[in-house]
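Asker: Below is one structure. I have some questions about it.
The values are calculated or read from the model by the stated rules, or taken from the named source; none is laboratory data. None of the values given here were measured: they were computed from a predicted structure. Here the Cβ is made from the backbone with ideal geometry for all residues, glycine too, and neighbour counts use every protein chain on show.
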Amino acid sequence: MRLAKSFSIETDINEYVDETKGGRSASERVNELLRRAMVQEQYHRLEAEAAEFFGDTKVDRAEAKAFQKASLRAFGRD
C-alpha cells in the first residue's frame with residue numbers, strides 16, 4: 001500500500017536521487033534508499049545490543065579465572 005506524503009528534501013539529496021534513479025521514478029528510488037537506511041539502522045541497533053551484551057566479558061573472565069584457581073587449589077589438596 002502506498003501513501004501520498006509530502007516531505008522536504010535537501011537540494012543535494014534531490015540531485016543524487018535524480019542522478020541515480022535510472023528508469024524508475026524518483027519516489028521508487030527514494031523508497032529504495034529509505035529501505036536500505038532502515039536495514040542499516042537495524043544493523044547498528046543490533047551491533048550496539050550485542051556490544052552491550054558481550055561488553056561485560058572482562059568481569060566474567062576475572063570471575064572464571066578466580067574460580068579456576070580455587071578449583072586447582074582444591075584438586076591439589078586431594
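Asker: Which one of these does residue 52 not meet: (1) surrounded by fewer than 10 Cβ atoms within 10 Å (Cβ to Cβ); (2) part of a loop (DSSP other than H, G, I, E, B); (3) not hydrophobic (A, V, I, L, M, F, W, C)?
Answerer: Result: residue 52 fails condition (2) only.
Asker: Which of the residues belonging to region 1-34 are hydroxyl-bearing (Ser, Thr, Tyr) and in a helix (DSSP H, G or I)?
Answerer: Just the residues of region 1-34 that are hydroxyl-bearing (Ser, Thr, Tyr), to begin with: 6, 8, 11, 16, 20, 25, 27.
If the condition is that a residue be hydroxyl-bearing (Ser, Thr, Tyr) and in a helix (DSSP H, G or I), then 11, 16, 20, 27 are the ones that fit.
Asker: Something else about it: Quick one: would you say residue 20 is surrounded by 10 or more Cβ atoms within 10 Å (Cβ to Cβ) and either over 28 Å from the mean Cα position of the chain (by Cα) or modelled with pLDDT under 95 (or both)?
Answerer: On the way: surrounded by 10 or more Cβ atoms within 10 Å (Cβ to Cβ): yes; either over 28 Å from the mean Cα position of the chain (by Cα) or modelled with pLDDT under 95 (or both): no.
Answer is no for this residue.
Asker: Moving on to the next point. Could you figure out which of (1) at pLDDT 95 or above; (2) exposed (fewer than 10 other Cβ atoms within 10 Å of the Cβ); (3) assigned to a helix (DSSP H, G or I) isn't true of residue 37?
Answerer: Every condition holds for residue 37 apart from (2).
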